[in-house]
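Where a number appears in this text, it was derived from the coordinates with a stated rule and is not lab data. On a predicted model such as this, the values are computed, not experimentally measured, just so you know. Don't worry about glycine lacking a Cβ; one is built from the backbone with ideal geometry, like all the others, and counts go over all protein chains shown.
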Amino acid sequence: MARWVLQLVVLGAGILGGYSSAVAGDAEAGKSLYPVCTACHGPTGLGNQAMNAPKLAGQEPWYIVKQMQLFQNGARGTAPGDMHGMQMAMMSKGPQLAGEEALQNLAAYIGTFQDADVPETVSGDVAAGKTLYTTCAACHGPAGQGVEAMAGPKLAGQSDWYLVNQLNKFKQGQRGYHNMDHGGRQMRPMVATLVDDKAINDVVAYINALK
């Protein structure tokens with residue numbers, strides 16, 4: 001396990017250049033950009049499972065900007081079979097969202113949303129999930145708070161059904177497949193430690209407990 005952690009720290013240090021160390025945006029300008037997101041993610045960013053839209057409130061702005069850039073650049077949402085990813089990629093390419101400044105403004109506005117708990121939909125063995133999560137902690141933090149230097153987003157408080165979906169996308173090669181997605185490519189081998197659906201549900205059940 002220590003060897004895994006050391007490898008991740010070295011890799012994380014190498015990919016820092018691909019992630020902004022800070023996201024500074026104009027929340028008021030971002031407010032005018034958010035209506036296109038509302039139909040799926042909700043007016044306060046709490047997500048909508050029926051629309052396969054995850055919770056945005058509480059997520060770190062740097063991660064929102066990076067993922068939007070990946071969708072815009074074709075590094076996410078272009079894998080065969082990823083219909084929801086393709087839908088998001090299309091939405092991300094609206095002319096009002098062109099350029100990093102617009103994305104920073106949008107992320108700044110999302111950052112004004114009050115974080116709130118969302119319903120839990122996934123059950124599993126929390127104790128077993130805690131053991132599995134030790135592999136995740138190096139990049140996502142021991143409390144699931146996220147670690148920007150490791151390109152690891154915040155997990156605590158995220159929609160649990162979305163976490164399950166995304167873990168499966170990594171396993172199926174629908175995320176982390178593009179050279180531009182350094183964080184996603186880093187994630188692919190880590191997901192291999194979750195050998196079946198039970199393991200995925202267990203680790204997500206533990207993440208639920210972190211909030």
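Table for the structure above
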read-out	value
Calculated SAXS-style log₁₀ I(q)/I(0) at q = 0.09, 0.13, 0.18 Å⁻¹ - the chain, Debye, Cα scatterers	-0.32, -0.71, -1.46
Percentage relative contact order, segment 117-211, counting C-alpha pairs under 8 Å, at least six apart	43 percent
Most positive-pole-ward Cα, Gln104, Gln72, Gly58, against dipole of the chain from beta carbon charges	Gln72
More than 17 angstrom apart: percent of Cα pairs within segment 53-166	62 percent
Cβ crowding within 10 Å averaged over residues, with 26-32, 51-57, 149-155 ranked highest first	149-155, 51-57, 26-32
Least to most buried among Asp82, Asp115 (fewest other Cβ within 10 Å first)	Asp115, Asp82
Helix-only CD estimate at 222 nm, as mean residue ellipticity for the chain, using -39500 (n - 2.57) per DSSP H run (n ≥ 4)	-15000 deg cm²/dmol
Tilt relative to the chain, helix 83-92 - C-alpha long axis, 0 to 90 degrees, to 10	40 degrees
Members of Lys93/Lys130; Lys31/Lys169; Lys31/Lys171; Lys93/Lys198; Lys93/Lys154 lying beyond 29 Å, as alpha-carbon distances in this model show	Lys93/Lys130; Lys31/Lys169; Lys31/Lys171; Lys93/Lys198
Calculated FRET value between Thr193 and Glu120, using beta carbons and R₀ = 22 Å, to 0.05	0.45
At q = 0.10, 0.22 Å⁻¹, base-10 log of I(q)/I(0) for segment 118-201 (Debye sum, equal scatterers on each alpha carbon)	-0.23, -1.21
Cα centre as origin, Lys/Arg/Asp/Glu Cβ charges: the chain dipole, Debye	460 debye
Rg/Rh ratio calculated on Cα atoms of segment 25-116 (Kirkwood radius)	0.94
Peptides 171-180, 68-77 ordered by average Cβ neighbours within 10 Å, highest first	68-77, 171-180
